[in-house]
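The values are calculated or read from the model by the stated rules, or taken from the named source; none is laboratory data. Computed from a predicted model, the values in this text were never measured in an experiment. Every residue, glycine among them, receives a Cβ derived from its backbone with ideal geometry; neighbour counts consider all protein chains shown.
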Amino acid sequence: MSEVKVNKISPRTNCGTVQLGDSGDTITIPAGATITNNGTQTGFGRTGTVNWDTTAKTASFTAVSGNGYFVNTTSGAITVTLPATPSGGDIVSLADYTNTWDTNNVTVARNGSKIGGIEGDSTLSTKGQSVTFVYVDATEGWKNVQDSTSNVIGDIPFIIATGGTITTCGNCKIHTFTGPGTFTVCSVATVCGPTRNQVSYIVVAGGASGGKFAGGGGGAGGYREVKTPLTPYTASPLDGYPSAPNRITVTETNFPITVGGGGAAITGCTNGNPGSVSTFSTITSAGGGGGGGTYNTPGIAGGSGGGGAGGNIPVPGGSGAAGNTPPVSPPQGQSGGNGFGPTGQHEGGGGGGAGGTGANGSAGVAGPGGTGSTSSINGTPTTRAGGGGGAIQCGTTASGGAGGGGDGGRPPCSTAAQAGTDNTGGGGGGAAFGPRSSGAGGSGIVIIRYKYQ
């Protein structure tokens, strides 16, 4: 094979044409060689590909033929203007950079040419879309020759979320809300089916305050819990695992969280104040019902019911109020206990708790609050939503139910009614007579748990 070594090949005449080989010849460029084009090329045609600009576009722009663009509409809609006075074979490609075209659209401005034979602009509004336009002629203008909506992305194995105070326990993340907030799901799992996007949760409402003047104990805030199979821990009996109704499968969105406050303490001789609701997604827990105040007054219904006020000879005492109001399944709370009166000690009934009814008052003994429910959703066995204890004039004071319930009071100037514990939804203790107020209810809490690794 003959070999010619030169540094430059030029035409014989100025501005002439240089020809390599003859018709039918094969020109071979060996591996490793580089051809650099510093001028223009003709006759090669397009292969339907573009050169991609990897700097994402975040504002409106005019496209250049032969280029592909990643268009980022996170901050708002964008207009892409097609090249003016295009020639046959001109090509432009566009791709959704952040999968947001469904939220903020891309307008493709025709710039005087037709798009698909129509004298009108085009709107791209599909999440993850990518398109390629080729200019054909004046009749059809720009034709879309490739349109992908498959939105191929890497697998996301677990939920990614923010909000509240975040802790970990084993392979689970725990988001704890002790006040209003937002549980934001940034990404959901794309593998292993929908169960991986289910979350465990506890939603506890605010507890009620106790009543005053032979006061019954305040009812605990409603308690609702669901445990999913992928987040192992010891749940309360209210979960009903493994059948557990009320499961929540999250999506990529914001979930506002409401944490109910406890009912305010009572200084006058009236019923206790109810607690406020707590919410997460479709789940609402009802505030606790206030304890009865003044002889023979019944408690107030709620998540857990308030205890009845003590009676006075010969009045027997007020009745305890119903829990699980409004009704849900499993029940979110229990009823309060009845007051007692024949001894003249005005024994108030205990407020209901999530795990047990408030006890009735009896001769010389005020009714203790109902017990709460215990769960390890946050990694530590914790009892929440105990009812408040009833008040008594002279005799044995009543303890609040385990789970944040406040103790009942005894007059005057001896035993003060205790408040329910905040962030447990505990009911406040009832007050007898005298200057002391009843116990306030404790605020609620929302806890969300899911597998993250």
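Can we say residue 388 is under 22 Å from residue 341 (Cα atoms), modelled with pLDDT of 95 or more and assigned by TED's automatic domain parsing to the domain that holds residue 163?
Values: under 22 Å from residue 341 (Cα atoms): yes; modelled with pLDDT of 95 or more: yes; assigned by TED's automatic domain parsing to the domain that holds residue 163: yes.
Yes, satisfied.
For the stretch 84-110: of the residues being touching an Asp or Glu at 6+ places or on another chain (Cβ under 9 Å) and surrounded by fewer than 20 Cβ atoms within 10 Å (Cβ to Cβ), which is farthest from residue 139 (Cα to Cα)?
Initially, the stretch 84-110 is screened for residues touching an Asp or Glu at 6+ places or on another chain (Cβ under 9 Å), giving 88, 96, 102, 106-110.
Of the ones still in play, those that are also surrounded by fewer than 20 Cβ atoms within 10 Å (Cβ to Cβ) are 88, 102, 107, 109-110.
Values: 88: 11, 102: 30, 107: 21, 109: 17, 110: 14 Å.
Selected residue: 102.
Hey, among 354, 419, which residue is modelled with pLDDT of 95 or more and over 29 Å from the mean Cα position of the chain (by Cα)?
On the way: 354 fails: over 29 Å from the mean Cα position of the chain (by Cα).
Only one candidate qualifies: 419.
Just to be sure I understand the filter: pairs with C-beta atoms under 7 Å, separated by 6 or more residues or on different chains, first member in the stretch 169-198 and farther than 13 Å from residue 449 by Cα, second member modelled with pLDDT of 90 or more and in a helix (DSSP H, G or I). Which pairs pass?
From the stretch 169-198, the pairs are 188/197; 189/197.
If you go through the stretch 381-394 one residue at a time, do you hit one that is free of Cβ contacts under 8 Å to residues at least 40 places away in the same chain and aliphatic (A, V, I, L, M)?
No, the stretch 381-394 contains no residue that is free of Cβ contacts under 8 Å to residues at least 40 places away in the same chain and aliphatic (A, V, I, L, M).
Output the qualifying pairs, or none if there are none: Cβ atoms under 7 angstrom, residues six or more apart or on different chains, first residue in the stretch 200-218 and on the phi > 0 side of the Ramachandran plot, second residue of a type outside the set (Gly, Ala, Ser) and crowded, with 24+ Cβ neighbours inside 10 Å.
These pairs meet every condition: 214/346.
Among the residues that make up the stretch 261-268, is at least one of them assigned by TED's automatic domain parsing to the domain that holds residue 364, touching a Pro at 6+ places or on another chain (Cβ under 6 Å), part of a loop (DSSP other than H, G, I, E, B) and modelled with pLDDT of 95 or more?
In the first step, residues of the stretch 261-268 are kept if they are assigned by TED's automatic domain parsing to the domain that holds residue 364; the result is 261-268.
From what's left, touching a Pro at 6+ places or on another chain (Cβ under 6 Å): 263.
Subsequent filtering for residues that are part of a loop (DSSP other than H, G, I, E, B) retains 263.
Filter once more, so that each one left must be modelled with pLDDT of 95 or more: 263.
The answer is yes, given that some residue of the stretch 261-268 is assigned by TED's automatic domain parsing to the domain that holds residue 364, touching a Pro at 6+ places or on another chain (Cβ under 6 Å), part of a loop (DSSP other than H, G, I, E, B) and modelled with pLDDT of 95 or more.
Write out, first by first residue and then by second, each pair whose Cβ atoms fall under 8 Å of each other, whose residues are 6+ apart or on separate chains, and whose first residue, in the stretch 334-348, is over 24 Å from residue 285 (Cα atoms) while the second is small (Gly, Ala, Ser) and not in a loop (DSSP other than H, G, I, E, B).
From residues that are over 24 Å from residue 285 (Cα atoms), the pairs are 340/362; 347/362.
Tell me, which strands (runs of 3 or more DSSP E) wholly within the stretch 65-121 include 1 or more residues that are in contact (Cβ under 8 Å) with a residue 24 or more places away in the chain and among the charged types (D, E, K, R)? Before the answer, list the steps.
Values: elements: 67-71, 78-81, 91-96, 106-109.
Where strands (runs of 3 or more DSSP E) fall fully within the stretch 65-121 and carry at least 1 residues being in contact (Cβ under 8 Å) with a residue 24 or more places away in the chain and among the charged types (D, E, K, R), they are 91-96.
Output the number of residues of the stretch 324-340 satisfying the condition of being assigned to a loop (DSSP other than H, G, I, E, B) and either buried (at least 24 other Cβ atoms within 10 Å of the Cβ) or charged (D, E, K, R) (or both).
Let us first name the residues in the stretch 324-340 that are assigned to a loop (DSSP other than H, G, I, E, B), namely 324-339.
Cutting the leftovers down to either buried (at least 24 other Cβ atoms within 10 Å of the Cβ) or charged (D, E, K, R) (or both) gives us 332-339.
Residues in the stretch 324-340 being assigned to a loop (DSSP other than H, G, I, E, B) and either buried (at least 24 other Cβ atoms within 10 Å of the Cβ) or charged (D, E, K, R) (or both): 8 in total.
Taking the condition crowded, with 24+ Cβ neighbours inside 10 Å and modelled with pLDDT of 95 or more, does residue 307 pass?
Numbers: crowded, with 24+ Cβ neighbours inside 10 Å: yes; modelled with pLDDT of 95 or more: yes.
The answer is yes for residue 307.
Taking the conditions exactly as written (over 45 Å from the mean Cα position of the chain (by Cα), outside the structural domain of residue 127 (by TED's automatic domain parsing) and either at pLDDT 70 or above or in a loop (DSSP other than H, G, I, E, B) (or both)), does residue 17 satisfy them or not? I'd like the intermediate steps shown before the answer.
Details: over 45 Å from the mean Cα position of the chain (by Cα): yes; outside the structural domain of residue 127 (by TED's automatic domain parsing): yes; either at pLDDT 70 or above or in a loop (DSSP other than H, G, I, E, B) (or both): yes.
In short, yes.
Would you point out which residue out of 207, 154 is modelled with pLDDT of 95 or more and either in a loop (DSSP other than H, G, I, E, B) or within 30 Å of residue 336 (Cβ to Cβ) (or both)? Even if it seems obvious, please write down each step before you answer.
Values: 154 fails: modelled with pLDDT of 95 or more.
The conditions single out 207.
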